[in-house]
1. Any idea how far the Cα center of the range 31-68 sits from the one of the range 1-20, in Å?
2. Please state the relative contact order of the range 1-51 as a whole percent: Cα pairs under 8 Å, 6+ residues apart?
3. Under a point-charge model restricted to the Cβ atoms of Lys and Arg (+1) and Asp and Glu (-1), what is the dipole moment magnitude of the chain relative to its Cα centre, in debye to the nearest 20?
4. Candidates (1) 25, 48, 21, 6, 0; (2) 18, 37, 27, 17, 1; (3) 22, 65, 13; which is the computed P(r) over Cα pairs in 10 Å bins from 0, in percent?
5. With a 10 Å Cβ neighbour count serving as the proxy for reagent exposure, in which order, fewest first, do 62, 28 appear?
6. For the range 44-55, what does the Karplus curve 6.51 cos²θ - 1.76 cosθ + 1.60, with θ = phi - 60°, yield as ³J(HN,Hα) per residue in whole Hz, taken in order and with x for Gly and Pro?
Amino acid sequence: MNKFSERLKKLRAEQGFSLTELAKKTGYGKATVKAWETGERKPKNIIPLIIFADLFNVSTDYLIGLKN
């Protein structure tokens with residue numbers, strides 16, 4: 001699992017969102033969010049990173065593991 005996957009899953013759990021809730025809040029499909037959390041896939045561009053960073057009030061650098 002990569003840093004993005006680990007942190008996305010952790011932040012979702014901390015906020016108490018289900019996969020379905022997070023998918024609805026971000027406009028992505030549940031299967032897509034799950035694939036990102038498991039590390040099966042990575043976002044193809046920066047837009048999802050910006051959306052998640054804004055939602056969870058963290059930096060994109062934190063999400064991808066450049067900062068703690």
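1. 9 Å
2. Details: 31 pairs, mean separation 19.3, N = 51.
This gives 38 percent for the range 1-51.
3. 160 debye
4. (3)
5. Fewest to most other Cβ atoms nearby, the residues stand as 62, 28.
6. 7, 8, 7, 4, x, 5, 5, 4, 5, 4, 5, 4
The numbers here are math on the coordinates, done by the rules we state, and not lab data. As the structure is a computational prediction, the values presented were derived from the model and not from experiment. Here the Cβ is made from the backbone with ideal geometry for all residues, glycine too, and neighbour counts use every protein chain on show.
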